[in-house]
Each structure stands twice: as structure tokens, then as C-alpha cells.
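Notes to accompany the following structure.
What follows draws every value from the coordinates through simple rules; no lab data is involved. All values reported here derive from a predicted model rather than from experimental measurement. Methodologically, a virtual Cβ is constructed for each residue, glycine included, from the backbone with ideal geometry; neighbour enumeration extends over all protein chains shown.
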Amino acid sequence: MKVDDVLPNLNNELKGTKTLNELENIIIKYLGRNGLIHDLLTKIKNIDISQRKEYGQKINNIKNSINQLIEQKKTELVNKKNEETTVDITLPGKRFPKGSLHVITIAIEEISKIFQKIGFIRMSYPEVDWDFFAFETLNMPRNHPARDDFETSFIDYPENKKWGKMVLTPHTSNGQVREMWRVGAPIRMINIAKCYRPNWDPTHTPMFFQFEGLCVDKGINITHLKGTLDYFAKEYFGPDCQTRLRPHHFQFTEPSFEMDITCTVCKGTGYLRTPEVPEVAAGTSGVLSKTKCKVCKSGWLELGGCGMVHPAVLKAGKIDPGIYTGWAFGFGIERVIMIKYGIEDIRYYYNGDIRFLEQF
Amino acid sequence: MNIKITHNWLLEYLETDATPYEIQKYLSLCGPSIETIEKVGKDYVYDIEITSNRIDSASVFGISQECQAILPMFGKKAKLKYNPLEKWSFKNLNSKNYHRSILKIKTDPRLNPRFTAIVLSNIKIAPSPDFIKERLTLSGVKSINNVVDVSNYLMLTLGQPCHIFDYDKIFGSIMIVRESRKGEKLITLDEKIITLPGGDIVIEDGEGKLIDLCGIMGGLNSAVSEKTKNIVLFLQIYDKAKIRKTSMITGQRTVASSYFEKGLDPERVEPAFVYGLNLLEKFTGGKSSSPSYDIYPNPTRKKTIFLSISDVDRIIGVRISKEKIVHILTSLGFNYQLSDDRAKMVFEIPSYRQDDISIKEDLIEEIARVYGYHNLPNNLQPQTYIAQPKETEILFEYQTKIKYFLKHLGLNETMNYSMISKEMIENIGLTVNNHLSLSNSISEDIKYLRTEIFSSLIKNIRDNAGKKSQLRLFEIAKTYLPRDNDLPDEKLKLAVVVNTSFSELKGIVESLFKELNIENSQVKNGDHYLLAKNLQGEIVIDDIKLGIFGQLNPKYQVKNNLKNEIFLAEIDFTSLAEKAKIMPKYKSIHRYAVIKLDLTLETKKSYENIKTIAFKTSKMLQNIEFIDKFKDKLTLRFYFSSNIQNIIENQAKEELKKITLLIN
């Protein structure tokens, strides 16, 4: 190509260039290792010496112009490329599988972590156990109502001379004496397991989950139980959550308490904020109405039972109640899920309905 | 149980400046929980939860006593106006009455530790006075007439149920308290025919008819009616376990039974009897016409408990003064006595608390609750290290990991009941014999403890028909394998079900093993009866079977009423967790070129077999990848390389040729 044709040629070619890839080819053609400019420069040796300097300068000027033109074109193309891409970004992207965990699994993980942080280990004890661990060592007298057919599911199995009848554990407390036998004292344990009671109606399932905490050591008193449960409630339900203990009665604790937390719907006020729409009432806006909260009893929700470990239970666990004291609690996991996440349809928890399962 | 009483009724016994709402708030914190309070006219109705150990407080008097102890802790005035337990006693009875009526009584102290009765003559059935009608109505009790109302009014006032018979309907004036025989029948006041399970406490009259289902409901045949002239006021203590059993089995859950089954105080029968008689004479115009019968062979003995301040300190965690302790306990009816040992306090337990209070911790509870749990600080106990058994830790750790992994593969976690039905067991070819069963199952659907998870997953698939077309479920749960003379082996298992394809199921299983860095597992042909003959495998590590997977055998697909094929896998979870590794074995990165060659061939040999032969044949072979299978044509990708130098394509081709010869 003649020297003077280079720039007009390039201009022509650039006019027809639509993509950055095409531009890349032009760059190679003109400026590449074996490109036009290189060609023209090698031809310098054919030029008369007196004109070489001028020739050289001319080629250099052309090269600079090429660079300039290409740079211009590049900017133009980049801008164009940036603008021309049109996709409906509201369309869904490529689909990846989305599975789910069971709500109970999610809660178990949350709860275990909360207690792990304060040094509680999670243990696992039998779900089918002897009367001895489920009742006898828990200070339940033989004729106690909890031990009868209406409150506990029994297994059709010969009674063991030493351990008594075989039962489906009605609570996680069968782990108490087993843990005492395993480690003695001190103890910091949580036990999360399936429990069973002969009760099946819209608000009860014959199988449910409990989580149980047990702490035994020298110098453990009520303030420690209060402190631990308050810590749990604030971690699980949120820092605004208030707690209280009320007197209650359980055979395996003395004193025994019922633990309450402030209602998550009315924020402990006992009254709804906007009476017509209960969902909105959960918010903090709106004025307190005269309508009583339908979820709680006067601002408080019952969480479950707890207390100081009964001396008879410590004794059964071969721990000297004169030296050691302890606290224990046992709460229903379904209950804390209901309170925290509002998933109240308990009958869906264990019937495998995919429309329930896949939501979590 | 819950009771309803009214504020004005309470004020009959209690002098206080606390408002009903203050009473609700303070009692709920320190005593019985007042769940709701409702203003009706000029009165307020309390709905109060009574815990099973405090049946003594399930009355107007019981609640006023709680008020007396609790309200002063909140700066409120509260004092009993008088103590009905002291006011009403046999000593007040006029024993000079002319006794023209008698009762012939036979009882058994084992069933009936205290028996009291008296006949009243010439009563006039009429409506009750307005204040009784109003109080009962507000308390949720229907007002009937002056006689029936007194029995309910008495129960709510003092917490002792009573029964009133029509004296003239008791044949021969004979009352025999005995245990029922199985199958005996009785019609109760609510006109229900009750067939007795046997061993129930009943009363038989002189002609052998049953006139009372004791502690639960009276018989219709001896009921007070409009025409009744003479009545028997009847207050008893019964064996609480028997009352509960009869009430549960017959389904007659009456208010009276909910009192009796908790165990009542025999000493309170006396004041209740005298107060009841007083009310009846006042409102019915009748006069007592028989001796007052009281058969009480083993009176309650007094009990005391020693307590020191340091005991209280140790459990509650804060120091409470001796004065406060004594004040709290005496206001609850405990008698403070001086002790020989100056360091200790002695308290006499009132008869109505003897079932509940037997050790010092019981007394400490009374002190702590009235002192107020809200007044105690929140403390965390000191940290201490407790070792968790490694195998327990691993089990929980991998449950979480595996659950998340399967979730991310797109599976949904399900949780089913541990109990299944006979039908579910038989539908997978097992028999109930090898299962533990519940002796008191409430439904045939949940009678047996499952020994596997497939039956539940099959049910999940069937129940979800029409809800979602593609289903991929998994469950990790204990199964219960019966053992001789021992608790069942609670084997933790992982099971998966998909209704999509065999290849998908196998892919899930393989990815899981890969994720867990289990490198030495092998797949062999399986022969499990529940799975399709040629579409199943077992996963084996060092000759130990970890699990099975495959298509459900068409026979069981039909048996379980499933329209389409489903694919199942079950893996022993404990072994899986044991074999799992946090990190895979590290291989140093290859320095030399790798040459990939594809091969399509027709062969009858299995993939596993081809792999074994190929690796044996070529030392340069690094990896084989399955690409595709179409009919009998199998496409594989071979990766060749040398550990010591770069190889050229022809060398690789040479290697592949050697392999091809052997696998064709």
C-alpha cells in the first residue's frame, strides 16, 4: 500500500467496523508485528538516504494518527457496547435447586449455638427408656398422674426387675440422671430430643421436641437459672425480650417455676395497636387500642417449666445435695418456634406436606 | 385446673386496700396465676390457675390466704378477717338435737380415709338467696336450687366438694362404701349410663343399688328433686388415685373429681361440714335430725421442718432476714416454733400442705416465691469446661453438615412420627412382630416404633400426590430395633426418596460421599427385596455395608398404591459420620501435561469393572470420566499423564489402545 493511502484506507475500514473484535483485527493489520506500519518502516532501506529522515517522520506521524483514530473508535465502540446490551433484568436468572431444612432443625441449631456460647454441651439420650430414668429417679411417686396411661405412652415389653417398665420418653428429663451418672458434677448440658405423649388433637401432636438444660455445680442458685434463661430469651427472641419466673409445680424441681416472656405480638403491653389487623399490630407504630391481645395473657407468654433440681433427683444421680445444687428447664421447641416465627399449624410439622416443608 | 371466684366473695374473708388488678398482678408473680380478670356489674371475676400441688388454694379462702402473704410484700394491706378453719368446728354443733333419723354406714378407710355425714329433715326446696345465685353464676356454676347451690358454694368457699343425697331414696338408710365390680352400671346425675371398669369407689344402699359414683358424680336414683324433704349432707375424703382412674376411664371429668384426684386435706372436712350444715339450715329451713357421723380412724399427724438461714441463702442466692422468713411462712399458715438449736427455725406444716411440703427445699420455695422472683438478680453461673464425647460431637456436627448439603442439592427435609401403623409395616414386606409396640396407643396409625424410614417416606410421597410433581425428600432419624431384655438399639439413619430418576438418586448419594471426603467407598450390585431387581446397589467400605439405594420394587410400588416409580436410599448415619473426613487427601498439583482422549464403545462390562481393568492396565491413566450412555454405547473420557515427564499424544493413544483391547 502506498504511504498516502494508509489513512484514507483506515478511515474507510473503521467506518465499517462494528465490534471490538473487528477493531482488534484492524489493529493487528496496521500496527501488528507484521502489520502495514512495520512494512512501511522496513521499506526505508529502499529510500534515498537524503529522504530517509523525512520518510521516517512521515511514517511516525501516520502511526500516531492511526493510534488516535483507533483510540477514538475504541471509545465509541465501548460506549456503544455498554449501551446496546438490553436484557429484561426482571426476568428470573438461571434456576438452581432450592431445598429446605425442617423448621425443627433450624430451631435446634439456633438453640444449640446459644447454649454452646456459655459452655453447655449437647448430649443425646434414649427416646425409649426405662421408667427408672423417666420417672422413678425424677421424684415421681408410683401413683403420680404423669406415670399413668393417659399421660405417657408405654411400650408393650416385659417389665425389667431393676428398671421397671419401658416407656416412650414423655420429656427430655430422662437425660438428667443419665448425665449425672456419666459425669457426676459439675454439669452443663442441653439435651434436645423427640418426646411422646398420648395426645393427638389440633394443638397437640403425639410426638414433639423438647430442649432441656441441666446445670449442676457448687453454689448454683435461683439467680443463675434466672440469668441463664434471660440470656437465652434475649439471644433467641431478641434483646427487647423481657422474662419472668412465676411459681409452679413439678416433681423433679424444688422450687419450680413457669417461665414467661413478653409477648412478641403486643410487645408485652397486653393490648393490640391496630385492632382490625392483628398482623400490623406486631409493629411498633400505631396507637395502643382497647382491644386485648389475643395471643398472650396480659402481655406475657408462657414458655415452659423450670426449677432447681430436686435433692431427691441429685441423690438418684449419685450427687450429694449437701454439696451441690443445680437448675433444670425443659421447653417445647414447637412452642418457641410458634412464638418466634408464628408457625402455628402444628399438624403440618410432622405430616410431610411439601407445601409446608419447602418454605424453610 | 382453673377456678373462678369473685372479688366481693374474696372480701368476705380478706381485708385489703389492693384493687382487683393489683391482686391479679401480684398474685400472678408470687402465687397462683390469675389468668384473666373480668368486671361484671359491681364485681370482678378472677380466673385462676391452680397447680396440682396447691389444691388447698383452690377456693375463696385459699386465695385470701395467698393474698394475706403476698400483698404486703408490695406494700398493700391484707389480712384475713377470720379463719374459717378455726371458726367452724364440731364443737359448735348442737348435740342435743332429737335424733329421729339414722344412717347405717359401712366404709373402708383405704378407699375412704374420712367419712362424714348428717341427715337434715324438713327442708324446703327453693331458689337460693340472690348473693349465692350471683356468685355462683359469675363463677361459672349454674344455680339450681338452695340445696344443690350450697354444695357448690361450699366447694368454692373452702375447696372441699360435698354431695347431698335425698335421704328417702337411700334404701334402708344403708350406705356401704366399696369397690365396684367390673361391668356394674350406674346412671349419674347427668343421666349418663356409666359402665364401671371395676375397682371404682361406689356406694351401695340397702337394696344393692349403686347410689353414688364417689368423688365424681352422684347417682340419679338418689338425687335431690323438687319433692325432696329430707337430705344427707355428705363430705368425704377418697383415695385420689382411684378417683383419677375412674374419672379418666369413664370420661366423667367433673369439678369434684378434679379436686379429689389431687388429694384433699382430711382435717378440712370438719370445718367444711359444719359450715355446710350451717348454710343448709339457714337457707333450706331444715334441721339436723341425726347424729353427725365422722369415721376418721387415722387422723393426720403434725409434721415439722427445720430450716436455717444459710439453707435459704444457698438456694435463693440472696440473703433474706429471719424476720421476713418467719413473717412469710406464718402468713401462709405455717406455725413458727422456737427451736432448741438456736441456729435453726422450726415450722409446723399445716395439715392442708402436708402432701406438698416435706423437705426444707419446699419451705424455701414458699419463701422465695413470696419474696418475689422478680426481686432476684439475673446471674450467669461461672463457666466450666465439660468434655463432650467425641462421637456425640461428630454425630451432631455431621447431621448439620449433611442436612445443609442435601438442602443445597435441592432436597427437602422431612420429619415423620417415630410410630407407624401395621399397614405401613406390612406394605414394605415386614411384620409387626419385629417391632416394639405401644401398649396404650391412642390410634392404630401410631402403634409401632419404626425400624426403618422407607415406610414413612413412601407415605410422604403418596400424601403429596398432586401437590408437587417432582419430590426429593430426606430424613435423618432414629429407628428402634428391638433387643432382648434391653432397650431398643436406637440406630440413626439417613434416608432419601426421589420420584424423578434412578440416576438422580445415585447422583445424590455419590455427591454426598464426595462432599464427606469418603474416598474408598464402592458400589456393588444389591439384592434387597424391597428394591427392583436390576436397579439397586449397595455402598460398601472395607466390606462393610453402609447403605442401599435403588428403585422401589414394582411389587411394593403397587402395594403402596403409588402411580409412578420412586427411588429410595438408606444409609447408616453413625457409620457415615465415622467415615466422613473434614479434609480430603491432598494430591500435589501435577507438573506435566495431561492428555484427554474420548472413547465410545459397546460393552457388556460394568463401568466399575472397566475402571478396575483400565487402571490395572495403564500406569499413565490418571482419571476416567463417564460422559454419556446411549443404548449400549458408552462414552468415556480418559486422562493420561506421566509423573516424570511430558508425554505426547501418541503415547496416550498407545495406552488407550491397550485398555480398549481388554475392555471391549
Legend entry - Rough spin-label spacing in nm, given labels placed 7 Å along Cα→Cβ, for B:Thr384 and B:Lys605: 6.5
Legend entry - Convex hull volume per residue for region B:501-567, taking Cα atoms only, in Å³: 81
Legend entry - Calculated diffusion of region B:115-172, Stokes-Einstein form, Kirkwood radius summed over Cα pairs, 4 °C and 1.567 mPa s, µm²/s: 104
Inset, instruction - Could you work out the mean count of beta carbons from other protein chains within 10 Å of each residue's beta carbon in A:243-252? - result: 6
Legend entry - When each of A:Lys162/A:Lys318; B:Lys81/B:Lys124; B:Lys459/B:Lys559; A:Lys74/A:Lys94 is checked by Cα-Cα distance, pairs over 23 Å: B:Lys81/B:Lys124; A:Lys74/A:Lys94
Legend entry - Assigned charges on the beta-carbon of Lys, Arg, Asp, Glu; the protein assembly as shown dipole about Cα centre (debye): 1900
Legend entry - Cα shape, region A:140-186, gyration tensor, a/c 1.5 rule: prolate
Inset, instruction - For the protein assembly as shown, list log₁₀ I(q)/I(0) at each q in 0.08, 0.09 Å⁻¹, using the Debye formula over Cα point scatterers of equal strength and ignoring solvent, two decimals each. - result: -0.96, -1.12
Legend entry - For region B:2-82, convex hull of alpha carbons as volume per residue, Å³: 77
Inset, instruction - Name all residues of region B:345-366 having a backbone nitrogen under 19 Å from the label point set 7 Å from the Cα of B:Thr304 along its Cα→Cβ direction, giving them as ranges. - result: B:345-355, B:357-364
Inset, instruction - As a check on your grasp of the helix formula, calculate [θ] at 222 nm for chain A: sum -39500 (n - 2.57) over DSSP H runs of n ≥ 4, divide by the residue count, round to the nearest 500. - result: -11000 deg cm²/dmol
Inset, instruction - Please give the contour-minus-distance gain from B:Glu184 to B:Arg483: 0.36 nm per residue of separation, less the Cα-Cα distance, rounded to one decimal in nm. - result: 103.5 nm
Inset, instruction - For region B:595-663, calculate the relative contact order in percent as a whole number, restricting contacts to Cα pairs under 8 Å that are 6 or more residues apart. - result: 42
Inset, instruction - Report the percentage of all Cα-Cα pairs in region B:302-363 whose separation exceeds 18 Å, rounded to a whole percent. - result: 29
Inset, instruction - Mind giving me the FRET efficiency for B:Glu207 and B:Lys559? R0 is 56 Å, r the Cβ-Cβ distance, nearest 0.05 is fine. - result: 0.40
Legend entry - Net charge contributed by nearby residues that have their C-beta within less than 9 Å of A:Phe154 (K/R +1, D/E -1): -2
Inset, instruction - Give me the aspartates and glutamates in straight-line cross-link reach of B:Lys604: C-alpha distance below 13 Å, same-chain residues under 8 apart excluded. - result: B:Asp632
Inset, instruction - Could you tell me which of the pairs B:Lys76/B:Lys360; A:Lys315/B:Lys390; B:Lys87/B:Lys324; A:Lys315/B:Lys79 are separated by over 31 angstrom between their Cα atoms in the structure shown? - result: A:Lys315/B:Lys79
Inset, instruction - List the aspartates and glutamates whose Cα lies under 18 Å from the Cα of A:Lys58, skipping any in the same chain that are fewer than 8 positions away. - result: A:Asp4, A:Asp5, A:Asp39, A:Asp48
Inset, instruction - Within region A:1-76, report the trypsin sites (Lys or Arg not before Pro) that DSSP leaves as loop and that have at most 13 other Cβ atoms within 10 Å. - result: A:Lys2, A:Lys18, A:Arg33
Inset, instruction - Once you have all Cα-Cα distances for region B:390-579, histogram them in 5 Å bins from zero and send the whole-percent values. - result: 1, 8, 16, 20, 21, 17, 11, 5, 1, 0
Inset, instruction - Take every residue in peptide B:573-583, count the Cβ atoms of other chains within 10 Å of its Cβ, and give the average of those counts. - result: 0
Inset, instruction - Could you state, as a whole-number percent, how many of the C-alpha pairs of region A:203-278 are farther apart than 16 Å? - result: 65
Legend entry - Average partner coverage of A:150-161, which counts Cβ from other chains inside 10 Å: 4
Legend entry - Cut-off of 10 Å, at most 13 other beta carbons, DSSP loop: longest stretch of chain B lacking such chymotrypsin sites (Phe, Trp or Tyr not before Pro): B:99-384
Inset, instruction - Grab the alpha carbons of chain B, take their convex hull, and tell me the volume per residue in Å³. - result: 252
Legend entry - Residues of type aspartates and glutamates that A:Lys161 reaches as a straight line, Cα spacing below 17 Å, ignoring anything fewer than 8 places off in the same chain: A:Asp129, A:Asp131, A:Glu136, B:Asp484, B:Asp486
Inset, instruction - Run a plain Debye calculation on chain A (Cα atoms as equal point scatterers, no solvent) and give log10 I(q)/I(0) at q = 0.07, 0.10, 0.11, 0.13 Å⁻¹, rounded to two decimals, same order as the q list. - result: -0.51, -0.72, -0.84, -1.08
Legend entry - Evaluated at q = 0.19 Å⁻¹: base-10 log I(q)/I(0), Debye formula over Cα of region B:90-295: -1.53
Legend entry - Above-threshold pairs, the threshold being 29 Å between Cα atoms, out of B:Lys493/B:Lys616; B:Lys524/B:Lys587; B:Lys192/B:Lys229: B:Lys493/B:Lys616
Legend entry - Tail weight of P(r) past 13 Å, computed on alpha-carbon pairs of region B:207-265, percent: 63
